[in-house]
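So the structure is just underneath, and the comments pick up after that.
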Amino acid sequence: MGTEAPNSGAVVVNKDSTNQTAPPAKLDAGDLFVLKSRGSWLHCGYHLTTSIVAPALLSLPFALGLLGWGGGVVCLSLSALVTFYSYNLLSLVLEDHARRGTRQLHFRAMANDILGPGWGKYFVGPLQLGICYGCVISCILIGGQSLKYIYLVARPNGSMQLSHFVVIFGGVSLIMAQMPSFHSLRHINLVSLLLCLAYCACTTAGSIYIGKSSDAPPKNYNISEVGINRLFNIFNAISIIATTYGNGIIPEIQATMAPPIQGKMFKGLLVCYSVVITTYFSVGISGYWAFGNQVMPTVLSNFTDNGKYLLPKWFLVITNIFVLVQVSAVSLTYLQPTNVVLERRFADPKKDEFSTRNLVPRLIFRSLSIVIATTVAAMLPFFGDIMALLGALGFIPLDMVMPMLFYNVTFKPSKRSLVFWGNTIIAVVATVLAVVGSVASVRQIIIDAKNYRLFANV
């Protein structure tokens, strides 16, 4: 039997007399209770899809509008190829460590073991927690906005404010946050996969319908901005597309799979990216085709024109219901790294998972994390601008830089090999994009700052 260094996140296992990997003797409470290794590669595919294919993809037509047809489709395609490659590299590194007897369960442990002490604690860990918790806040805000939209379709002159709906959605999230482990979300994330296909199909069909109708706006695909504004728009668009493909929790998802894990993540990625390609390209291309450079930051906003609905109300309500339900699953998925930290700090791994000693702290601190996220979402309805900055600073480094470094350090490919230089070039270009995307995001925050107001009803 193996042992684990306390709080390391790296499970050290040995081989028993039958040459089978024996289960670890001890895990910290976060790994033991949240990251249960019981899932299949199919469950992994559900988790991956929910963590990547989220309502943020509805901004892809807007990104294409900033880049134009050629640049937009090329950037969309390259991002798909690079992130699939990157996630597969990360999986290969995790499999190699598991094969050698040390199974890494999260990003923090990978960084510490591969790059050295301090990397996980002071860089990768805080970065991952920040973007994941930021995603939770964003999901609660999107859920509130979807609820408000449905409400206004039913009652156009209704008096309820956005903050009210954010609190309602936050209350639902508070209940769902008590799901005990990442693995327990597998059926929820299967439903999430189906829902993202559903609202993307509705969005694509709605865009095509409007684009062919008499109410269709004039189709103008010219890029209106020039000079420095156009340059910043290009980097904004690249940042939007890159962060839309963001994940940031590949190790935690792979940790949910039952051993042996070899080859399973690749199958899960195939499931995920079949959905990614279907949804991203259909929504991005149809939305930009229908509305041209008049497309809004979320394409669903183009389905109304000065208060006039361009599609049947029931169709708009159903589409937003699909978004509403799916985003609740996305928020639960991105809450898991926070849950790991909370369980590690406040739970006792020597007690039963559902004992009073562990159940009460879990209920209190998970509820508190949702209350804080809901409060921030209600206070800062412009959080999307802030999340764009967090995405540039977080998703791009975690998804396009760190996997390349991990692979090169772990497998040490020849410096003359295509793999080494391909990884190095991707890491360097991604770093530049992260820096420039951050500058562009800060610029956008400054431009929009005049419209910022706490608890605004937007």
Measuring from its Cα centre, the stretch 148-252 shows a charge dipole (+1 at each Lys and Arg Cβ, -1 at each Asp and Glu Cβ) which, in debye to the nearest 20, is 180
Dividing the mean separation of Cα pairs under 8 Å (6+ apart) by the residue count of the chain yields a relative contact order in percent of 31
Note, the stretch 72-85: 3J(HN,Hα) by Karplus (6.51, -1.76, 1.60, θ = phi - 60°), whole Hz, Gly/Pro = x, goes x, 5, 5, 5, 4, 6, 4, 4, 5, 5, 5, 5, 4, 4
Looks like the stretch 171-270, by Cα gyration tensor root eigenvalues a ≥ b ≥ c and the a/c under 1.5 rounded cutoff (else prolate when a/b is bigger than b/c, oblate otherwise), is prolate
Computed about the Cα centre, the charge dipole of the stretch 79-221 from +1 Lys/Arg and -1 Asp/Glu charges at the Cβ has a magnitude in debye, to the nearest 20, of 60
Karplus ³J(HN,Hα) for the stretch 197-205 (6.51 cos²θ - 1.76 cosθ + 1.60, θ = phi - 60°; Hz, whole; x = Gly/Pro) runs 4, 5, 6, 6, 5, 5, 5, 5, 5
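Quick check on the stretch 38-451: take the gyration tensor over C-alpha atoms, sort the square-rooted eigenvalues as a ≥ b ≥ c, and tell me if it's rounded (a/c under 1.5), prolate or oblate.
Numbers: a/c = 1.76, a/b = 1.24, b/c = 1.42.
Oblate shape, in that a/c is at least 1.5 and b/c is the bigger or equal ratio.
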Between the Cα axis of helix 125-154 and the main Cα principal axis of the chain, the angle (0 to 90°, nearest 10) is 40
Computed, not fitted: 222 nm per-residue ellipticity of the chain from DSSP H runs ≥ 4 (each -39500 (n - 2.57)), nearest 500, equal to -23000 deg cm²/dmol
Classified through the alpha carbon gyration tensor (a ≥ b ≥ c as square roots of its eigenvalues; rounded if a/c is under 1.5, else prolate when a/b is larger than b/c, else oblate), the stretch 205-319 comes out oblate
Diffing the stretch 182-191: the Karplus 3J(HN,Hα) column from phi (6.51, -1.76, 1.60, θ = phi - 60°), in whole Hz with x for Gly and Pro, holds 4, 4, 5, 8, 4, 6, 4, 6, 5, 4
For the stretch 340-431 the chymotrypsin sites (Phe, Trp or Tyr not before Pro) that pass both the DSSP coil test and the at-most-13 other-Cβ-within-10 Å test are Phe354
Tilt, helix 162-176 to longest principal axis of the chain (alpha-carbon atoms), in degrees rounded to tens, equals 30
Computed about the Cα centre, the charge dipole of the chain from +1 Lys/Arg and -1 Asp/Glu charges at the Cβ has a magnitude in debye, to the nearest 20, of 240
Listed by chain and number, the residues whose amide H is under 5 Å from that of Lys36, excluding neighbours fewer than 5 places away on the same chain and using placed H, are Phe182, His183
Fewest-first ordering of Ile150, Ile240 by Cβ atoms within 10 Å yields Ile150, Ile240
Between the Cα axis of helix 418-448 and the main Cα principal axis of the chain, the angle (0 to 90°, nearest 10) is 50
Under 5 Å from the placed amide H of Thr102, counting only residues 5+ away or on other chains, we find Val13
Counting only DSSP loop positions in the stretch 92-172, the trypsin sites (Lys or Arg not before Pro) whose Cβ has at most 11 other Cβ atoms within 10 Å are Arg100
Of the residues Gln254, His97, Ile52, the Cα lying farthest along the dipole of the chain towards its positive end, which is defined by charges on the beta carbon of Lys, Arg, Asp and Glu, belongs to His97
Given Cβ charges of +1 for Lys and Arg and -1 for Asp and Glu, the option among Val124, Ser239, Cys200 whose Cα lies farthest towards the positive end of the dipole of the chain is Val124
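The numbers here are math on the coordinates, done by the rules we state, and not lab data. No experiment lies behind these values; they were computed from the predicted model shown. Counting neighbours? That spans all protein chains shown, and the Cβs are built from the backbone with ideal geometry, glycine included.
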